[in-house]
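Asks: Before we start, here is the structure in question, set down as structure tokens.
The values are calculated or read from the model by the stated rules, or taken from the named source; none is laboratory data. Predicted model, so just to flag it, every value in this text is computed and none were measured. Cβ coordinates were reconstructed from backbone atoms using ideal geometry, including for glycine residues, and neighbour counts include every protein chain displayed.
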Amino acid sequence: MGFNILIVDDSEIIRSMIARTVRMAGVPVDKLLTAGNGAQALELLNSNWVDLVFADINMPVMDGVQMIEQMHSHEVLRNVPVVVISTEGSETKIEKLHDKGVVAFFRKPFTPEMIRGAIVEVLGEWDESPDLPTDSF
């Protein structure tokens, strides 16, 4: 059985890069869901079991901070681990996000190793351990 992972970013290119990185890392995936903003992500979270969320902060309609705050106030969703991948984020903002359940924060550009490391930290190790390219995305 694989993991269900949700990728939330307003950039289709970034969503594709993270999805590709997850696949290259050999993560056993059952469902790989994507959303272009926090509101779409919450709809998916309310109708699908999700093991891990990768989310941007700056998005239209509902940003990542608002999404994380809504997840944090929900009895079930507060337990879903979130990894933030963003171009911005002050230390104060990062600290507040950690208080709301964010397990890791990466600034763009990210590397495949960063993504794989976050997945292993949250979901644990699995059998496959492929060689990952060292290029940044």
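Asks: I want to confirm something. Restricting to the range 118-137 and keeping residues that are surrounded by fewer than 15 Cβ atoms within 10 Å (Cβ to Cβ) and not acidic (Asp, Glu), which single residue is modelled with the highest pLDDT?
Replies: At the first step, the residues of the range 118-137 found to be surrounded by fewer than 15 Cβ atoms within 10 Å (Cβ to Cβ) are 120-121, 124-131, 133-136.
Checking which are not acidic (Asp, Glu) leaves us with 120, 124, 126, 129-130, 133-134, 136.
Numbers: 120: 87, 124: 83, 126: 68, 129: 46, 130: 48, 133: 49, 134: 50, 136: 52.
That would be 120.
Asks: When the range 46-64 is examined, which residues are found to be within 15 Å of residue 83 (Cα to Cα) and not small (Gly, Ala, Ser)?
Replies: Correct list: 50, 51, 52, 53, 54, 56, 57, 58, 63.
Asks: Only one of these conditions is not met by residue 73: (1) loosely packed, with under 15 Cβ neighbours inside 10 Å; (2) within 22 Å of residue 11 (Cα to Cα); (3) not aromatic (Phe, Trp, Tyr). Which number is it?
Replies: (2)
Asks: Taking the range 9-39 as the region of interest, how many residues are among the polar types (S, T, N, Q) and within 12 Å of residue 55 (Cα to Cα)?
Replies: 3
Asks: Please go through the range 103-117 and pick out each residue that is surrounded by fewer than 18 Cβ atoms within 10 Å (Cβ to Cβ), within 17 Å of residue 57 (Cβ to Cβ) and touching a Leu at 6+ places or on another chain (Cβ under 9 Å).
Replies: 103
Asks: Looking at (1) in contact with a helix residue (DSSP H, G or I) (Cβ under 6 Å, 6 or more places away or on another chain); (2) buried (at least 20 other Cβ atoms within 10 Å of the Cβ), which is the one condition that is false for residue 62?
Replies: With (1) in contact with a helix residue (DSSP H, G or I) (Cβ under 6 Å, 6 or more places away or on another chain); (2) buried (at least 20 other Cβ atoms within 10 Å of the Cβ) applied to residue 62, the lone miss is (2).
Asks: If you don't mind, another one. Are there any pairs with C-beta distances below 6 angstrom linking a residue in the range 1-30 that is modelled with pLDDT of 95 or more and assigned to a strand (DSSP E or B) to a residue that is of a type in the set (Asp, Glu) and surrounded by fewer than 17 Cβ atoms within 10 Å (Cβ to Cβ), with the two at least 6 apart or on different chains, and if so which?
Replies: Here the result reads 4/30, each pair linking the range 1-30 to a residue that is of a type in the set (Asp, Glu) and surrounded by fewer than 17 Cβ atoms within 10 Å (Cβ to Cβ).
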